[in-house]
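Visitor: Got a structure here, written out as structure tokens. Questions coming.
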Amino acid sequence: MKAYTNLSQIMTLEAAHKKDGRMLQPDDLSIINDGAVVFDESTIHWVGATKDLPANYRGIPKFKLDHHVLTPELVDSHTHIVFGGDRAQEYSDRLNGTPYEEIAKRGGGILFTMKETLNLEAEKLFEMACERIQRVNSYGIGTIEIKSGYGLSFTKEKELSLIIDRLKKHFSPKIQIFNTYLAAHDVPRSFSSSSEYLNQVVLPLLKDLAPRKIIDAVDIFHEKNYFSSDDVSNLFSLAQDLQIGIKIHADELNTNGGAEIATSFKALSADHLLKVSDTGIAALASSNTVATLLPGTAFFLGKNLAPGRKMLDQGVKIAIASDYNPGSCHCDNLLLIASMSAAQLKINQAELWCGITLNAAHSLGKTDQGVIKVGMKPRFSLFNVESLAHITYNWGRNFSVSLP
Ligand SMILES: [Zn+2]
């Protein structure tokens, strides 16, 4: 048992938690000034003002953290961290006016990352991912979702899922990793159709991996010329049978009912949603499926952001994630992305912070964290700054420090 005391502020999100992370007002941050928290390895035992710390906790080890702010742990709930190569030249070419079709014709795009990933051995991919995870963690992010999906063959996808599992064990318990199976990321050119690839690789490999109990969720790129609604239903039905969580890349390039399919399968989250329809928004609002916005990707590609305000006003539960990947958002700093997009998305501070803590944790099925409250897991982020407002105000600057 130990205590952090004299914190300038603790953002507990207790009110936001009571409202299930929806319809939030600025006060729902539930800030305690000059706060203290008592916890052991697994549970929070007390939280309040330092002056009110009960006498029975007086003897436990205390860490005086004045001039620091404590928040529920930051969660990046959508990343593609395991990949080979980079696409810096491709990004420059795009900025310089080369159309994406031309880049794809030259062998750029996701197929380039696939080739570079295939060229690297498991050990090297593991090492590169370790470095990236440590950098992500240096911003205060302690729970990270990682998707496979640059292997696109039975053997290489299996290797990627096993690498993510190895990363999970390597970093536990300091960093929690969530292993998402995204073999259905794109259709390799050697297959004549998406359903052929799904039936020959995606579904059989999921069945092969399931007994190991290492996959936390499946995911699929549901877009025209990628995977159809039938493909999505086939994958999700199998995931349900195997009791594995469900996530989806939905309504990013086209309005095609991705949000609606997600809710009908009780998905943990539907992600992207730039082109989500009104019926999709209504379906999300009346479900427990979290809508994950990835504004960094829209910035990187020069697109308009998802209709975040509209979704929030209808009661959708919103998370914000980085989408850190080599092609469409090469940015690993979730707090930068969330702070930078807040004004564009027209979201208040409670919606912003809840989106990268409580709701992001819920989008990974982790309902025992994301709020600093008695009985919850003691997963925190600590910032060397006077107030919460200063963190988002200084977007891009890193105030995160290690927990004592
Ligand atoms: Zn993605």
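Visitor: Which ³J(HN,Hα) values, rounded to whole Hz and listed in residue order, are derived for the stretch 343-357 from phi using the Karplus coefficients 6.51, -1.76 and 1.60 in 6.51 cos²θ - 1.76 cosθ + 1.60 with θ = phi - 60°, glycine and proline given as x?
Guide: Values per residue, Gly and Pro as x: 5, 5, 7, 6, 10, 7, 4, 5, 5, 4, 5, 5, x, 10, 10 Hz.
Visitor: Now for a separate question. With both bridge residues required to lie in the stretch 254-404, what share of the DSSP beta bridges run antiparallel, to the nearest 5%?
Guide: Antiparallel bridges make up about 35 percent of those DSSP assigns within the stretch 254-404.
Visitor: Taking 25 Å as R0, compute the FRET efficiency from the Cβ-Cβ separation of S229 and E101 and round it to 0.05.
Guide: 0.45
Visitor: Could you give each residue of the stretch 248-264 its phi-based ³J(HN,Hα) in whole Hz, using Karplus coefficients 6.51, -1.76, 1.60 with θ = phi - 60°, and x for Gly or Pro?
Guide: 8, 7, 10, 6, 8, 9, 9, 7, 9, x, x, 4, 5, 4, 4, 5, 5
Visitor: Turning to a different aspect of this structure: Estimate the FRET efficiency between M1 and R135 by the formula 1/(1 + (r/R0)^6), using the beta-carbon distance for r and 30 Å for R0, to the nearest 0.05.
Guide: In this case the efficiency is close to 0.40.
Visitor: Can you give the extra length, in nm with one decimal, that the chain gains between Y57 and S42 once fully stretched, where that is 0.36 nm per residue apart less the Cα-Cα distance?
Guide: 3.7 nm
Visitor: How big is the antiparallel share of DSSP beta bridges in the chain, given as a percent to the nearest 5?
Guide: 40 percent
Visitor: What angle do you read, to the nearest 10 degrees and between 0 and 90, between the alpha-carbon axis of helix 229-241 and the longest principal axis of the chain?
Guide: 50 degrees
Visitor: Would you please give the FRET efficiency between Q89 and A282, computed as 1/(1 + (r/R0)^6) with r the Cβ-Cβ distance and R0 = 45 Å, to the nearest 0.05?
Guide: Computed FRET efficiency for Q89 and A282: 0.55.
Visitor: Another one. So for the pair D241, T155, with labels modelled 7 Å out along Cα→Cβ, what separation do we get in nm?
Guide: Modelled inter-label distance: 2.7 nm.
Visitor: To the nearest 20 debye, what is the magnitude of the charge dipole of the chain about its Cα centre, counting +1 on the Cβ of each Lys and Arg and -1 on the Cβ of each Asp and Glu?
Guide: The dipole of the chain has a size of about 700 debye.
Visitor: Relative contact order of the stretch 314-404: what whole-number percent is it, with Cα pairs under 8 angstrom and at least 6 residues apart?
Guide: 26 percent
Visitor: How large is the dipole of the stretch 136-289 about the Cα centre if only Lys and Arg carry +1 and Asp and Glu carry -1, each at its Cβ, rounded to the nearest 20 debye?
Guide: 660 debye
Visitor: Another question about this same structure. Subtract the Cα-Cα distance of Y393 and H330 from 0.36 nm times their separation in residues, and report this length gain in nm to one decimal.
Guide: Length gained between Y393 and H330: 20.4 nm.
Visitor: Could I ask something else about it? State the Cα centre-to-centre distance between the stretch 219-279 and the stretch 7-86 in whole Å.
Guide: Distance between centres, Cα-based: 33 Å.
Visitor: Oh, and also: Picking from L111, L242, L95, which is most flexible by a Gaussian network model of the chain using Cα springs under 10 Å?
Guide: Ranking L111, L242, L95 by mean-square fluctuation puts L95 first.
Visitor: Can you list the HN-Hα couplings for the stretch 17-28, worked out from phi with the Karplus curve (6.51, -1.76, 1.60; θ = phi - 60°), rounded to whole Hz and with x for Gly and Pro?
Guide: 5, 4, 8, 6, x, 10, 6, 8, 10, x, 5, 5
Visitor: Turning to a different aspect of this structure: Could you work out how far apart the two model spin labels at K169 and F191 are, taking each label as a point 7 Å from the Cα in the direction of the beta carbon, and quote it in nm?
Guide: 2.8 nm
Laboratory data are not the source of any read-out in this text; all were calculated from the coordinates shown. In this text the structure is predicted, and so the values were computed from the model without any measurement. So basically every Cβ, Gly included, is an ideal-geometry build from the backbone, and we count neighbours across all protein chains shown.
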